[in-house]
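Engineer: Mind having a look at this structure? Questions to follow.
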Amino acid sequence: MLSGFLTAVNRIAHFRRKNYNAADELEFISRVDSCDYSGNFMHISFDDVGKSLAELFGEDHTSIYSVQFFKDLKDLHDKYGACFSLYLFSDKLYKVTDRYKAEFQQAKEWLRFNFHAYKNKKYGIRSIKKDYDSGIEKLLLMVGGDVECLDSQIRASYWEMSLKNSLYIKNHPRHKSYIFCAKDPFSPAKGNYYLTAKQQKFVYDNGMYADSGNGIIFIQTCARLDTDEYCEKSIKLISGNINWQKHCEVLNHEWGFNKVRMDKFLEWAKSEMNVTFGFFGDIYFKY
């Protein structure tokens with residue numbers, strides 16, 4: 001069982017809003033699944049994804065792996081067992097079809113998708129409804145309607161998302177996103193969803209925060225590889241925080257992906273941290 005996670009969950013009482021009640025909190029905590037492994041867990045995600053899919057659907061390809069980005073990810077998965085989530089600019093999906101649904105479905109144990117933004121919009125004030133609805137429909141078309149190809153975790157553009165928008169995607173009838181990637185330590189962005197300063201500090205110190213009143217889990221983004229040329233800052237930060245090691249979220253951007261750098265980081269993660277790769281939505285309860 002993820003004892004670190006459960007300890008963190010049980011320490012959130014002082015963050016409850018006045019309209020929270022103990023029954024809601026206990027029900028939320030009780031729905032966190034036990035885990036079959038002990039040790040460290042890592043998930044790797046990419047923001048601003050669009051170029052690779054525009055290439056895939058804009059040209060005549062026989063396989064998703066004829067696009068270099070997807071081939072590189074599969075090589076890294078085959079070598080280390082790494083799992084990846086791609087958070088998309090939905091405006092790049094205008095040519096999407098279900099042509100490659102079989103390959104996407106075959107890869108869903110290690111490759112999944114979710115919405116990121118439409119044209120880099122921020123959702124701190126602007127409603128997410130129209131963009132999320134459209135983006136999810138396009139993604140479901142792409143994967144042949146298989147919702148298991150979609151990640152239940154999401155990272156908001158510039159980390160800006162109001163509580164109203166957060167609850168909308170968490171309760172969405174077609175695809176529920178209820179695990180949010182909190183801001184990484186290198187980002188100059190001001191947003192961090194609807195979290196208070198105390199909650200943000202809790203996420204940073206503990207690696208995660210469970211908002212039991214709203215049924216949303218926040219995972220600290222521990223590393224950002226596209227701005228860390230030799231992985232030194234990322235490795236140092238993760239090595240110095242045992243809570244980050246137990247549930248480690250790693251950020252990349254498609255435009256900054258470097259296979260050699262990623263290979264170096266994954267080799268360290270396996271050899272020095274002995275991580276288990278996967279998706280947080282497969283560990284924590286599913287709605």
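The values are calculated or read from the model by the stated rules, or taken from the named source; none is laboratory data. Predicted model only: the values in this text are computed from it and were never measured. Here the Cβ positions follow ideal geometry from the backbone for every residue, glycine too, while neighbour counts run over all protein chains shown. The accessibility values were calculated without ligands, DNA or RNA, using every heavy atom of the protein model including side chains. Shrake-Rupley method; radii C 1.70, N 1.55, O 1.52, S 1.80 Å.
Engineer: Consider residue 204 against the criteria (1) at pLDDT below 95; (2) open to solvent by less than 70 Å² (accessible area, probe 1.4 Å): it satisfies all of them except one. Which criterion is unmet?
Structural biologist: (2)
Engineer: Okay, moving on. Filtering the stretch 93-102 down to residues that are more than 10 Å from residue 58 (Cα to Cα) and basic (Lys, Arg), which residue is farthest from the chain's Cα centre (by Cα)?
Structural biologist: Among them, the one singled out is 99.
Engineer: While we're on this one: When the residues of the stretch 49-63 are narrowed to those that are touching a residue at least 40 places away in the same chain (Cβ under 8 Å) and closer than 27 Å to residue 121 by Cβ, which ends up surrounded by the fewest Cβ atoms within 10 Å (Cβ to Cβ)?
Structural biologist: Out of the qualifying residues, it is 51.
Engineer: Among the residues of the stretch 205-232, write down those that are within 16 Å of the chain's Cα centre (by Cα) and aromatic (Phe, Trp, Tyr).
Structural biologist: Across the stretch 205-232, the qualifying residues are 209, 218.
Engineer: Going through the stretch 77-91 one residue at a time, which ones are crowded, with 21+ Cβ neighbours inside 10 Å and not in a strand (DSSP E or B)?
Structural biologist: Within the stretch 77-91, 82, 83, 90 qualify.
Engineer: Out of everything in the stretch 240-287 that is buried (at least 19 other Cβ atoms within 10 Å of the Cβ) and in contact with a Lys or Arg (Cβ under 7 Å, 6 or more places away or on another chain), what residue ends up being farthest from residue 178 (Cα to Cα)?
Structural biologist: This residue is 254.
Engineer: Right, something else. Need at least 2 residues that are in contact (Cβ under 8 Å) with a residue 60 or more places away in the chain per element, so show me which helices (runs of 4 or more DSSP H) inside the stretch 184-283 make the cut, counting only ones lying wholly within it.
Structural biologist: The helices (runs of 4 or more DSSP H) meeting that bar are 197-206, 242-246, 259-272, 280-283.
Engineer: Confirm whether residue 94 is surrounded by fewer than 19 Cβ atoms within 10 Å (Cβ to Cβ) and touching a Lys or Arg at 6+ places or on another chain (Cβ under 6 Å).
Structural biologist: So residue 94 does not fit the description; no.
Engineer: Something else about it: Would you confirm whether or not the stretch 65-75 contains a residue that is over 21 Å from residue 253 (Cα atoms), modelled with pLDDT of 95 or more and open to solvent by 20 Å² or more (accessible area, probe 1.4 Å)?
Structural biologist: The answer is no; no qualifying residue exists.
Engineer: Select, from 74, 79, the only residue that is under 22 Å from residue 281 (Cα atoms) and touching a residue at least 24 places away in the same chain (Cβ under 8 Å).
Structural biologist: Criteria check complete, one pass: 74.
Engineer: Could you tell me whether the stretch 125-145 includes any residue that is closer than 30 Å to residue 275 by Cα, touching a residue at least 24 places away in the same chain (Cβ under 8 Å) and in contact with a helix residue (DSSP H, G or I) (Cβ under 7 Å, 6 or more places away or on another chain)?
Structural biologist: yes
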